[in-house]
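One structure is given below, encoded as structure tokens.
What follows draws every value from the coordinates through simple rules; no lab data is involved. Remember, it's a predicted structure, so these values are computed and weren't measured experimentally. Here the Cβ is made from the backbone with ideal geometry for all residues, glycine too, and neighbour counts use every protein chain on show.
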């Protein structure tokens, strides 16, 4: 912490005089020079979340709400709509036969499918069916709409970097003239073009979000289990993979990183900390996350957040698969990112 200057009568008069000019002396402030965030580690239980999501379906339709989403707001940031300084998290539910109408916006968005089958998302003219555990990419300013053609409710987690666009004053949004956008690409086009370690010969990377719309859970799970059998566990993370933009090997978004990790039964992770703000969603399994000394017993589909520079560690009561996303991509691009094992 920097120290405030010793106050004198002359300095007090000077400070008073300059305030009318929109000036303030830095030497009178105690400025923090330490990492961390005022956000609190927080845990949301799935049984509570699901109950409230189903209740919302009885009270409001997609025509009235457009997107039926419950925002997970950090208790230290009431009214902000953010789960951490840099990240938005919401849970969206769509009932059979419903359509969440098409629009686009400057924030990047990800979807992690939590429960239910029969829903789709359409992004820039291509529709993809989504299943539990799938990771879905919606790059900024992409037309997108969602629908449920199945016979059960579908829930997914939305993650957006809207805190960044708000900070820069660059939040724009536009509605499509109709509920759905025209589909001019065949389902599976993005997977064929970008999902097999191949690229179209004339593809030009524009450094925006990943052109691969869906990262199927089955493929991710297969990779995690294979590596668990063939490689030693990381002391902190077990087996952890990051989702990559297949066009350039970078993160799926310029601002957000996304990961999936496997913790075998009995895993007792070493504590670590990072400047990232991280949101976790439990795909499978149960255990305990210890964040800043607080114990959170988690079960499938629970969501919890580890704010910047909080030490945390995982303990697995059974085999666990955990999805997470963070602001790491932006921090690395700006040279801010730090991490350390404890």
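Taking the mean number of other Cβ atoms within 10 Å as a proxy for protection, how do you rank 240-246, 307-313 from highest to lowest?
307-313, 240-246
Assuming a ≥ b ≥ c are the square roots of the Cα gyration tensor eigenvalues, decide whether segment 198-342 counts as rounded (a/c under 1.5), prolate (otherwise, with a/b larger than b/c) or oblate.
Oblate shape, in that a/c is at least 1.5 and b/c is the bigger or equal ratio.
Between residue 43 and residue 297, what is the spin-label point distance in nm, taking each point 7 Å from the Cα along the Cα→C-beta axis?
0.8 nm
Based on DSSP H runs of at least 4 residues, each adding -39500 (n - 2.57), what is the mean residue ellipticity at 222 nm of the chain after dividing by all its residues, to the nearest 500 deg cm²/dmol? It would help to have the intermediate numbers written out before the result.
Details: 7 runs with 63 residues, N = 342.
Calculated from helices alone, the mean residue ellipticity at 222 nm is -5000 deg cm²/dmol.
Normalised by the number of residues in segment 205-265, what is the relative contact order in percent for Cα pairs under 8 Å and 6+ residues apart?
It comes to 41 percent, rounded to a whole number.
Once both labels are modelled 7 Å past Cα along the beta-carbon direction, what's the residue 315-residue 179 spacing in nm?
5.0 nm
Subtracting the Cα-Cα distance from 0.36 nm times the residue separation, let me have the gained length for residue 226 to residue 151 in nm, one decimal. Don't jump to the answer; show the numbers that get you there.
Working: separation 75, 0.36 × 75 = 27.00 nm, distance 3.40 nm.
Contour length minus Cα-Cα distance gives 23.6 nm.
Take each of the peptides 79-89, 49-59, average the number of other beta-carbon atoms within 10 Å over its residues, and list them starting from the highest. Spell out each step's value before the answer.
Working: 79-89: 21.0, 49-59: 13.7.
Result, highest mean Cβ count within 10 Å first: 79-89, 49-59.
Sketch the reach of a paramagnetic label on residue 51 as a point 7 Å from Cα along Cα-to-Cβ, and name the residues of segment 155-173 whose backbone nitrogen lies under 12 Å away.
none
Please work out the Cα center distance from segment 97-122 to segment 254-278, rounded to the nearest Å.
Between the Cα centre of segment 97-122 and that of segment 254-278, the gap is 25 Å.
If you average the C-alpha positions of segment 322-342 and of segment 201-225 separately, how far apart do those two centres end up, in angstrom?
20 Å
Could you work out how far helix 217-230 tilts from the main Cα principal axis of the chain, as a 0 to 90 degree angle to the nearest 10?
It is inclined by approximately 70 degrees.
Within 10 Å, count the other beta carbons around each residue, average over each peptide in 146-153, 189-196, 109-116, and list them highest first.
109-116, 146-153, 189-196
In nm, to one decimal, how far is the residue 168 label point from the residue 270 one, both placed 7 Å along Cα→Cβ?
With each label point 7 Å from Cα toward Cβ, the separation is 3.7 nm.
Please state the shape class of segment 96-170: rounded when a/c is under 1.5, otherwise prolate if a/b exceeds b/c and oblate if not, all from the C-alpha gyration tensor.
Note, shape of segment 96-170 comes out prolate.
Could you tell me how many degrees, from 0 to 90 and to the nearest 10, lie between the Cα long axis of helix 9-19 and the main elongation axis, the longest principal axis, of the Cα atoms of the chain?
Helix 9-19 sits roughly 40 degrees off the main axis of the chain.
Defining a contact as two alpha carbons under 8 Å apart and six or more residues distant in sequence, what relative contact order in percent does segment 42-341 show?
17 percent
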